[in-house]
Amino acid sequence: MSYMHAYLDDFGKITVTVSRKFYNGKSDSFYITANKGYMSDLVITMIEEYLDEVKYHLSCPLTLQAATAYMVHDNHGLAVPLSKRMIVRTKKFNETYEYDGDDLGASYHRWHTDFALWAPTAAAVTLRVRNDNKVRAYNMERGDKGVWRVSVIGDLKHATYTYLVDRNGVIAESLDPYALSSSGNGRESAVIDLSEIEKIEDYPLAKRISGVDAVIYEANVRDMTSHPNTGTKAHGTFAALAEEGTTFRDMPTGLDYLASLGVTHVQLMPVMDYATVDEFHVNKNYNWGYDPAQYLTLEGSYSSDPDDPYARMKEMRKMVCMMHKKGMRVNLDVVFNHMYSDEGSPFDSSMPYYFFRYNASGHSSNGSFCGNDFSSEQPMARRYIVHCIKKLMEIYHVDGFRFDLMGILDVETMNQIVATARQINPDVMIYGEGWDLPTMLEPEKKANILNQGKMPGVGHFNDYFRDVLKGRTSDDQKYDRGYCTGDLAQAFGALSGLVANVLKEPYFWRFTEPDQSINGPETHDNGTVWDKMHFSNANEDRATRQKRQKMLIACTLVAQGVPFIHAGMEFCGTKNDNFNSFNAGDAINQMDWVRAEINEEIIDFTRKCIAMRRRCEGFRLKSAKEIGEKVRLYVDDSIVFYNISHEQGDMKQLKVIINPTFNTKHYSFEEDWRIIMDEEGRSHEMTGRQFTVPQLSVYVLVHEEHKKTETQERQGK
Ligand code: CA
């Protein structure tokens, strides 16, 4: 514990704090030294007096070098290293040191491996390589833009390494932020020969798909196969989720279960390295992984061998390829907004103060409520995120990304991500949690829903849709109901949700285009729909709640925008009223195949809803303009009518009738209609003009005109 701290906060500007415990914080003069000794006196420009310390603003008449280690001394003989702090966040610093090369990290070649670390404020960097159980150190050389480099001769295919970074007077041992893998529990970064991963063959996906054509299913790698009845050889790993042909009794489990639903995209909860699960003792604790430790290295607890850096990569790639084989794409949940800890992270170790946000006095910005906000607006931080997205797509062939607390990141970063990712795959999905969060970034730069118009092609979780249909969702709102759970007063609000909030007055407008609205009543956060109804609909029996569950599933799949289903919602999944189960263990979070079997009828209903959506283009209108022209909405006696005039073959119009009342409703129409979804999800063959819509159900009707086929026309029939 030092009585004095000295920070370089801008070019020529130093801030010094002196504790009241040392001469009551009073120093009369300061001077600066480097390794050759005395350099210059510092000029006190302002003094701020606080209860515990005195803060001195000093100006330095010399031009200081980023990579030189300096000491600041006071007149009582105290001497401390000068930390390069806010200077690394200045425009001038960024203009001087932004590096646009793509060779950072360890580049493997058969006869040598090249290492490069961006660390402009380091005074020295040493590379420490472990190969064949021998450890060797190499001095790195500082080059252009503050990039430190060394080329190590020999075959380093199975080597691991760390950097020793001498910065701000302290030598920090650091993982490589650009490392593609590591040894177990992130002890050391690993050199990777990517040709080993590229050998695993992918299965080409037949058709293009994008935006509103997607049906996203949110799953967790561990939870999908952790239940003892899953029938996989391993449990809770990438490899287990790549296994075909697994069943519980006659029901598919794991990968085959996902495929059986008909979803187009599986969104995996975090798979990049996180901190709180011991990778060698995976049953000791449980965590979803929103506590990232590394961004390009996969989580080792999902690997068959956490200490083999290649194993996790091969198994992940194989899993993604198997999803592709089954016709499903894979979106990754990426947590760039904060880290498990900024201190000790590869970023803080190599380049302190650069990659996280701070206020003017050097305290961490905390909009993520996790103690540190990633500073995506800093040029090298932005480049880093874009680099990770590109690499994850290239190495693992993933198809999209869900950004955790996207509202912490900035608009420009999200737009660069879209541009870069689309060059690799034009159908890539980019979306996230666009909440407005109190992070230290100008409001107009935050990547949140309020700025959706500045980020075309970026989707946002639509909490309006969720709240109006299911009821508000946080802990103190458990008793709130939505339209489908019995608050009929929300019928008009439901209309706005059903059209992805892209229509203006009298509706509630929120999004420019429908592919920006991710519509899900339930996600991994908060309680499940089923558990919420335990509170909000406590007076209702199980059968009634099951009908409400089905209504929410149906509404999600007929709404414009992008439907989103959280794993287990299709079988009334429960977490036993746990409303924040991030570390609650397998018993709470696992896919419960026994419960799935009990509620198989609702799974089947979900499958039928998904299949119907994928058959009917009318639920997947591509633009707000088209929705404005083709959709008509109204409420009649608390019943929502949602009509879509979209021609597709014989189909002329679709009509959705939502009845969340306890009354059976009778309707007659002037045209012939046919039911394509009833309360059991069934499609009927007969057309008619009179229909009965039972209580607590969603009906979908189609109006068709059967044109003669081309052959019939030619034959004059
Ligand atoms: Ca880990």
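The values are calculated or read from the model by the stated rules, or taken from the named source; none is laboratory data. For clarity, every value in this text was computed on a predicted model and none was experimentally measured. Neighbour counts are summed over all protein chains in view; Cβ atoms, including those assigned to glycine, are modelled from backbone coordinates with ideal geometry.
Contact map, the stretch 603-617: residues that are outside any helix (DSSP H, G or I) paired with residues that are modelled with pLDDT of 95 or more and buried (at least 17 other Cβ atoms within 10 Å of the Cβ), Cβ distance under 8 Å, separation 6+ or inter-chain. Pairs shown: Cys616/Met651; Cys616/Leu654; Cys616/Ile676; Cys616/Val702.
For the stretch 9-25, the count of residues that are closer than 16 Å to Pro81 by Cβ, over 46 Å from the mean Cα position of the chain (by Cα), surrounded by 12 or more Cβ atoms within 10 Å (Cβ to Cβ) and among the aliphatic types (A, V, I, L, M) is zero.
Listed by first and then second residue, the pairs linking a residue in the stretch 180-194 that is closer than 17 Å to Ser107 by Cβ to a residue that is of a type in the set (Lys, Arg) and within 11 Å of the ligand (Cβ to nearest atom), with Cβ atoms under 7 Å apart and 6 or more places separating them unless they lie on different chains, are Ser181/Arg312. Scanning the stretch 333-347 for residues that are in contact with a Cys (Cβ under 9 Å, 6 or more places away or on another chain), of a type in the set (A, V, I, L, M, F, W, C) and part of a loop (DSSP other than H, G, I, E, B) returns Phe336, Met339. Just to be sure before I move on: is Val147 surrounded by 15 or more Cβ atoms within 10 Å (Cβ to Cβ), within 32 Å of the chain's Cα centre (by Cα), farther than 19 Å from Asp307 by Cα and at pLDDT 95 or above in the structure I sent? Criteria met by Val147. Screening the candidates Lys84, Lys55 for the property of being modelled with pLDDT of 95 or more, within 17 Å of Thr121 (Cβ to Cβ) and surrounded by 12 or more Cβ atoms within 10 Å (Cβ to Cβ) yields one hit, Lys84. Quick check on my filter: what residues within the stretch 265-286 are assigned to a loop (DSSP other than H, G, I, E, B), aromatic (Phe, Trp, Tyr) and within 12 Å of the ligand (Cβ to nearest atom)? Passing the criteria: only Phe280.
Just wondering, is there one or more residues in the stretch 357-373 that are within 16 Å of the ligand (Cβ to nearest atom), on the phi < 0 side of the Ramachandran plot and either assigned to a loop (DSSP other than H, G, I, E, B) or of a type in the set (D, E, K, R) (or both)? The answer is no, given that none of the residues of the stretch 357-373 is within 16 Å of the ligand (Cβ to nearest atom), on the phi < 0 side of the Ramachandran plot and either assigned to a loop (DSSP other than H, G, I, E, B) or of a type in the set (D, E, K, R) (or both).
Matching residues to (1) in contact (Cβ under 8 Å) with a residue 60 or more places away in the chain; (2) within 30 Å of Asn131 (Cα to Cα); (3) part of a loop (DSSP other than H, G, I, E, B):
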position	(1), (2), (3)
His5	yes, no, no
Asn24	no, no, no
Ser27	no, no, yes
Thr45	no, no, no
Gln65	no, no, yes
Thr68	no, no, yes
Leu82	yes, no, no
Asp102	yes, yes, yes
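Scanning the stretch 235-253 for residues that are out of contact with any strand residue (DSSP E or B) (no Cβ under 9 Å at 6 or more places or on another chain) and outside any loop (DSSP other than H, G, I, E, B) returns Ala240, Ala242, Thr247, Phe248, Met251, Pro252.
Only one entry of Gly236, Gly254 meets the criterion of being modelled with pLDDT of 95 or more, buried (at least 23 other Cβ atoms within 10 Å of the Cβ) and within 15 Å of the ligand (Cβ to nearest atom), and that entry is Gly236. Applying the condition of being touching a residue at least 60 places away in the same chain (Cβ under 8 Å) and buried (at least 24 other Cβ atoms within 10 Å of the Cβ) to the stretch 287-298 and asking which residue is farthest from the ligand (Cβ to nearest atom) yields Tyr295.
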